[in-house]
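Report on the following structure.
The values are calculated or read from the model by the stated rules, or taken from the named source; none is laboratory data. Here the structure is a predicted model, which is why all the values come from computation and not from measurement. Here Cβ is always computed from backbone atoms with ideal geometry, including for glycine, and neighbour counts include all displayed protein chains.
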């Protein structure tokens, strides 16, 4: 007799990233869908991991993370944002940023709590809220500039709002917060007890002279925020799944209560290697220039195409409007693009709960120049 099981996430299927990457593999297409580089990690960093493996650092790390790595993160945040987090009680190393996001949501969201999610939103946010009994409250960004309407967010805020999930630099749009956004957010939250979960994994990938406006930079916001970062994005090592979370002592204590039962601890030799590597700020402060060159090169190669690029101020993704090519919905067009033209992209409608479709696709340019050249050549032929 077949087992009867009621799903806790009945409307959630396989993530779009896995779906499009699998389709790209089946079709032999250039994969500009899932956000990972196709170039190697710095050999020096790989060597440091091997060094610590050979030195015997192969057992559990401390639950909260290797001490030296937490100290180096504290130094980095103080230098970049002017706020020093206590390594022992306010910084936690996680098994990737996604685990940090889930642990933070699980730590503070209770059944019936409302959680404001700004759309388009990374697809792990809402399921994590729902698994913990929370109620997603969606606020859409304006199209095509992907700015937050802070008045609309204020209207969504209620006495039941437990958490607001924010993301800058923003995936999938490439939009970034500016100072007036932070001022508006502080104004909206005045008198509210709502907490913030700030996804800042692309913090060092910001273009055209802009600076990253972290929640850590603003005292009123930092006091109520979980701030999530990613070494995978910083060091082109997404498969190593190592991230971190900054939060005030009380919030960190609750996050760690969950973290210890999700993974207990992140990968030990990789943490030691990152601690060594992080000591040199040049290893991450050059990211903006590195990826801006790739963005500009990709855009230049697409200049003769019928795709219209939207503004990309950060991350390693760019949105391309295809309305001059087809009136298909973005999911169908993304599939056809992969199958017929051998270039895979992400349809952003999947990042909206109502599947809002603006006839744009998200392309990842964290690729070798040769990969981008081949992809651009195919896109220009459409």
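Part of a helix (DSSP H, G or I), in contact with a helix residue (DSSP H, G or I) (Cβ under 9 Å, 6 or more places away or on another chain) and assigned by TED's automatic domain parsing to the domain that holds residue 225, is that true of residue 48? Can you show your working first?
Working: part of a helix (DSSP H, G or I): yes; in contact with a helix residue (DSSP H, G or I) (Cβ under 9 Å, 6 or more places away or on another chain): yes; assigned by TED's automatic domain parsing to the domain that holds residue 225: yes.
When the stated conditions are applied, residue 48 passes them.
Determine, yes or no, whether residue 366 is closer than 30 Å to residue 57 by Cβ and either not in a strand (DSSP E or B) or not assigned by TED's automatic domain parsing to the domain that holds residue 74 (or both). Show your work before the answer.
Details: closer than 30 Å to residue 57 by Cβ: yes; either not in a strand (DSSP E or B) or not assigned by TED's automatic domain parsing to the domain that holds residue 74 (or both): yes.
Yes: the conditions hold for residue 366.
So which of 166, 185, 221, 153 ends up being in contact (Cβ under 8 Å) with a residue 24 or more places away in the chain, under 30 Å from residue 308 (Cβ atoms), in a helix (DSSP H, G or I) and not assigned by TED's automatic domain parsing to the domain that holds residue 296?
Working: 166 fails: in a helix (DSSP H, G or I); 185 fails: under 30 Å from residue 308 (Cβ atoms); 221 fails: under 30 Å from residue 308 (Cβ atoms).
Answer to the check: 153.
For residue 226, all conditions in the list (1) within 29 Å of residue 143 (Cα to Cα); (2) assigned by TED's automatic domain parsing to the domain that holds residue 55; (3) in a helix (DSSP H, G or I) hold save one; what is the number of the exception?
Failing condition for residue 226: (3).
Before we move on, is residue 315 buried (at least 22 other Cβ atoms within 10 Å of the Cβ), out of contact with any helix residue (DSSP H, G or I) (no Cβ under 6 Å at 6 or more places or on another chain), touching a residue at least 40 places away in the same chain (Cβ under 8 Å) and not assigned by TED's automatic domain parsing to the domain that holds residue 201? I'd like the intermediate steps shown before the answer.
On the way: buried (at least 22 other Cβ atoms within 10 Å of the Cβ): yes; out of contact with any helix residue (DSSP H, G or I) (no Cβ under 6 Å at 6 or more places or on another chain): yes; touching a residue at least 40 places away in the same chain (Cβ under 8 Å): yes; not assigned by TED's automatic domain parsing to the domain that holds residue 201: yes.
So residue 315 fits the description; yes.
Go through the stretch 252-322 and tell me which helices (runs of 4 or more DSSP H), entirely inside it, have 2 or more residues that are under 30 Å from residue 358 (Cβ atoms). Can you show your working first?
Numbers: elements: 268-278, 282-285, 287-301.
Correct list: 287-301.
Quick check on my filter: what residues within the stretch 72-93 are outside any loop (DSSP other than H, G, I, E, B), touching a helix residue (DSSP H, G or I) at 6+ places or on another chain (Cβ under 6 Å) and free of Cβ contacts under 8 Å to residues at least 40 places away in the same chain?
If the condition is that a residue be outside any loop (DSSP other than H, G, I, E, B), touching a helix residue (DSSP H, G or I) at 6+ places or on another chain (Cβ under 6 Å) and free of Cβ contacts under 8 Å to residues at least 40 places away in the same chain, then 74, 87 are the ones that fit.
Can we say residue 26 is modelled with pLDDT of 95 or more, loosely packed, with under 15 Cβ neighbours inside 10 Å and either more than 29 Å from residue 125 (Cβ to Cβ) or assigned by TED's automatic domain parsing to the domain that holds residue 123 (or both)? I'd like the intermediate steps shown before the answer.
Details: modelled with pLDDT of 95 or more: yes; loosely packed, with under 15 Cβ neighbours inside 10 Å: yes; either more than 29 Å from residue 125 (Cβ to Cβ) or assigned by TED's automatic domain parsing to the domain that holds residue 123 (or both): no.
It is false that residue 26 is modelled with pLDDT of 95 or more, loosely packed, with under 15 Cβ neighbours inside 10 Å and either more than 29 Å from residue 125 (Cβ to Cβ) or assigned by TED's automatic domain parsing to the domain that holds residue 123 (or both).
If I filter the stretch 204-218 down to residues being part of a loop (DSSP other than H, G, I, E, B) and in contact (Cβ under 8 Å) with a residue 40 or more places away in the chain, which single residue comes out as farthest from residue 73 (Cα to Cα)? Break it down into steps so the answer makes sense when it comes.
Keep residues of the stretch 204-218 that are part of a loop (DSSP other than H, G, I, E, B), which gives 204-205, 207-214, 218.
This time we only want the ones that are in contact (Cβ under 8 Å) with a residue 40 or more places away in the chain, so: 204-205, 207-208, 210, 212-214.
On the way: 204: 14, 205: 17, 207: 23, 208: 25, 210: 22, 212: 16, 213: 17, 214: 14 Å.
Result: 208.
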